[in-house]
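One structure below.
The values are calculated or read from the model by the stated rules, or taken from the named source; none is laboratory data. The structure presented is a predicted model; accordingly, all values stated were derived computationally and were not measured. Note that we place each Cβ from the backbone using ideal geometry, even for glycine, and neighbour counts take in every protein chain shown. Accessible surface areas use protein heavy atoms only, side chains included; no ligands, DNA or RNA. Shrake-Rupley method; radii C 1.70, N 1.55, O 1.52, S 1.80 Å.
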Amino acid sequence: MYRRIVYILFVVVGLISCNDRDKIINIDLPPYQTQTVVECYLDSGQTNKLLITKSASFQDTLYPVVTDAFITISNNTNTDTILYKPLIDTTYLKIYSHQGNLINNIKQGDINSLYIKLSNGQEIKGTTIRPAKVKIDTLYYSLSADQKKYNLTVKFKDNQLERNFYRAIFNVNGVIYNSKNIDYLFDDNNLKSSSAAVITGFKFDPKDTVIVTFYNLSEEYYRYLRSVRLADNANGNPFAQPASIKSNISGGIGIFTNLVYQRDTIYLPK
């Protein structure tokens, strides 16, 4: 946010200093090509839920939800027909447009397929394979020298025989969007041994309750998350390179993936 304000001030100062500041400049933008956007996250033990919208140009403020779609999610044993049932997840502040009826019982290595057919005949497809769960070996805290802040350390085992992608999220007091929340996204390129750790630094206060969620990501989901972050950072920044979303959806853009994680809670003392 601070960098964005600096950029805006820089542009404003530059405009004011121009001799032709009152001159109107017309810029012809190419027509925007609307795309179908899909977000679907498979979570074992939960029903299938997804969001289908239409992308919008920079000037638009609304993202139309797609309601007229035939949707299935299938694996080797069953097929779940997904219906238009809007849902607001107040815990994670997510909105879904469609829900299924079957409870997922997804195991490591299972292959799931997504099929969507819109009323105009457009077909959208996606495939995802469930990665292995990486367990938290140890979760502990340490106190700063002035005894005012806590650091958290998460230790885990990395499989050095394959490429792995991780995400570690630390939510304070059950609040998803909080100034003290931490969200790390990384791969194992720089991990030199199977014993690895995520360290937060001294970010937390005494008596904080921290919910730790440690994800093992598919490579497609990792690249999707990175591209979303790059696009968000570039938005409003005139000096940033344009960023495109890395999608694993054919016929549209978005992500179809598994959520594979371990979650733990730590209560920091006073």
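Numerical summary
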item	result
VAL37 being under 28 Å from VAL260 (Cα atoms), at pLDDT 65 or above and open to solvent by less than 70 Å² (accessible area, probe 1.4 Å)	yes
Condition met for ASP232 (among the acidic types (Asp, Glu) and either within 16 Å of ILE136 (Cα to Cα) or surrounded by 13 or more Cβ atoms within 10 Å (Cβ to Cβ) (or both))	no
Residue under evaluation ILE211, criteria (1) touching a Gly at 6+ places or on another chain (Cβ under 9 Å); (2) open to solvent by less than 30 Å² (accessible area, probe 1.4 Å); (3) in a strand (DSSP E or B), criterion not met	(2)
Residues located in segment 135-179, provided they are of a type in the set (Lys, Arg) and either over 18 Å from the mean Cα position of the chain (by Cα) or more than 28 Å from GLU219 (Cα to Cα) (or both)	LYS135, LYS148, LYS149, LYS155, LYS157, ARG163
Given (1) open to solvent by 60 Å² or more (accessible area, probe 1.4 Å); (2) within 20 Å of TYR222 (Cα to Cα); (3) assigned to a loop (DSSP other than H, G, I, E, B), index of the condition LYS192 fails	(2)
Pairs where the first residue, in segment 105-121, is within 17 Å of LEU217 (Cβ to Cβ) and open to solvent by less than 50 Å² (accessible area, probe 1.4 Å) and the second is hydroxyl-bearing (Ser, Thr, Tyr) and modelled with pLDDT of 95 or more, C-beta under 6 Å, 6+ apart	ASN112/THR128
Tally of residues being open to solvent by 50 Å² or more (accessible area, probe 1.4 Å), modelled with pLDDT of 90 or more and not hydrophobic (A, V, I, L, M, F, W, C) across segment 47-74	3
Any hit, segment 257-268, residues being open to solvent by less than 30 Å² (accessible area, probe 1.4 Å), more than 30 Å from LYS117 (Cα to Cα) and touching a Ser or Thr at 6+ places or on another chain (Cβ under 9 Å)	yes
